[in-house]
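These notes concern the structure reproduced below.
The numbers here are math on the coordinates, done by the rules we state, and not lab data. Please read these numbers as outputs of a predicted model, since none were measured by experiment. As a convention, Cβ positions derive from the backbone with ideal geometry for all residues, glycine included, and neighbour counts pool all protein chains shown.
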C-alpha cells in the first residue's frame with residue numbers, strides 16, 4: 001500500500017478528489033492528510049469524495065505546521081460530520097518528544113481505534129512514555145524513517161504495521177536550476193518495501209516535505225512528473241521553461257514547459273488522466289495557473305503509483 005503524505009491545501013485536496021473520481025477500483029493509495037488551513041470547505045469536499053469512493057484515508061489531528069497548529073479540537077469540531085463514520089478513516093498523530101502524554105490522553109478521551117502514529121526522527125524511542133504510547137491496543141500502524149532500524153524492530157515485536165516514509169523529492173532553490181537536472185531517480189520502494197519487512201511505503205509525492213505557504217511569481221515554470229524508467233525504478237522528470245529572465249509572461253513560460261512534457265510522454269507507452277489534462281491545456285493554448293500545475297503533478301504521481309501496485313498485485 002502507498003501512503004502519500006499531503007497537506008490540506010487547495011490543490012493537494014483537488015488532486016485527491018480528482019484521483020478518487022477515476023481510481024476507486026482496486027485502489028492501493030491511502031492518503032495521509034495534515035490540515036493546515038482555517039477554511040475547511042476544501043478538505044470537507046475532498047474527504048467526502050474519498051468516502052464516496054471507498055478510499056480509506058488518515059487525518060492528522062495534531063498538525064505541526066500551518067494555521068491549524070495545536071488546534072485538535074477545532075479540527076474535530078469542523079470535521080465532525082465528515083468523520084462521523086469511524087470505519088471510513090484513520091485518526092493520525094505526529095509524535096514528537098513533547099506531546100507523547102497528550103496524545104495518549106486524547107486517544108483515551110476520544111476512544112479512538114485503528115490509530116496511526118507518525119514518528120519524527122528526533123523522538124526519543126527509549127522514553128517509557130513512548131513505549132506506553134506504541135503499546136496501546138488502538139495503535140495499529142506507525143510511520144517511521146527508513147533508517148530507524150531499532151524502532152522498526154520494536155514495533156514488529158508489538159505486531160504493529162510499520163510504514164516506511166521517505167523524503168524523495170529534491171527541491172532546488174530556483175525553478176530554473178532544474179534545467180541542469182532534467183530527471184532524477186525518485187523511488188523503487190514499490191518493489192522492495194515488502195521484502196524489507198514494511199507494511200507500506202510513504203512519501204510527500206512530488207512536493208518538498210517542508211511546509212510553505214506559497215511565494216511570489218517564479219522566473220521559471222517547472223512541471224514535475226514521474227514515470228517508470230525501468231521495471232524497478234520510478235524517476236521524476238523536470239520540464240522547465242526557457243525564457244526565465246523575469247517573472248513576466250507566465251502563460252508563455254507554461255507553454256514552453258508543457259510542450260516539453262507533452263512531447264516526452266507522447267514517446268512513452270504510458271499516459272494517465274493528469275498527463276492528458278496537461279497536454280490538452282497545451283494543445284488548446286490555455287494556461288491553467290500554477291496551482292493547477294501542482295494539482296496535475298500530484299494527481300499524475302498518485303495515478304502512476306496506484307497503477308504500478310495494481311500491476312504488481314496481479
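Just a few scattered comments:
- Between helix 290-313 and the chain: long-axis angle, C-alpha atoms, 0 to 90°, nearest 10: 70 degrees
- For region 14-28, the residues whose backbone nitrogen is under 14 Å from a point 7 Å from the Cα of residue 54, taken along Cα to Cβ, are 23-28.
- With R₀ set to 25 Å, the beta-carbon distance separating residue 102 from residue 173 gives a calculated FRET efficiency near 0.10.
- In the chain, the longest principal axis of the Cα atoms and the axis of helix 41-52 are about 80 degrees apart.
- For region 130-243, relative contact order (Cα pairs under 8 Å, six or more residues apart, normalised by length) works out to 27 percent.
- Between 0 and 90°, nearest 10: helix 273-283 axis offset from the chain longest Cα axis: 30 degrees
- When 140, 187 are sorted by how many other C-beta atoms sit within 10 angstrom of their C-beta, beginning with the fewest, the order is 140, 187.
- Computed log10 I(q)/I(0) for region 117-248 at 0.10, 0.20 Å⁻¹: -0.46, -1.11, from the Debye equation with unit scatterers placed on every C-alpha and solvent omitted.
- This ranking places 262, 45, 135, 98 by how few other beta-carbon atoms lie within 10 Å of each, fewest first, which gives 98, 135, 45, 262.
- If R0 is 30 Å, the Cβ-Cβ spacing of residue 233 and residue 10 corresponds to a FRET efficiency of close to 0.45.
- Once the Cα-Cα distance is subtracted from the 0.36 nm per residue extended length, the residue 208 to residue 127 segment shows a gain of 26.2 nm.
- Relative contact order (%) - criterion: Cα under 8 Å, at least six apart; region: the chain: 16 percent
- Spherically averaged projected area of the convex hull of Cα atoms, region 128-206: 6.9 nm².
- Estimated FRET transfer efficiency when R0 is 25 angstrom, pair residue 313-residue 21 (beta carbons, to 0.05): 0.70
- In terms of packing, defined here as the mean over residues of other Cβ atoms within 10 angstrom, the peptides 198-204, 294-300, 110-116 line up highest first as 294-300, 198-204, 110-116.
- Per-residue ellipticity at 222 nm, computed for the chain from helices alone with -39500 (n - 2.57) per DSSP H run of at least four residues, works out to -11000 deg cm²/dmol.
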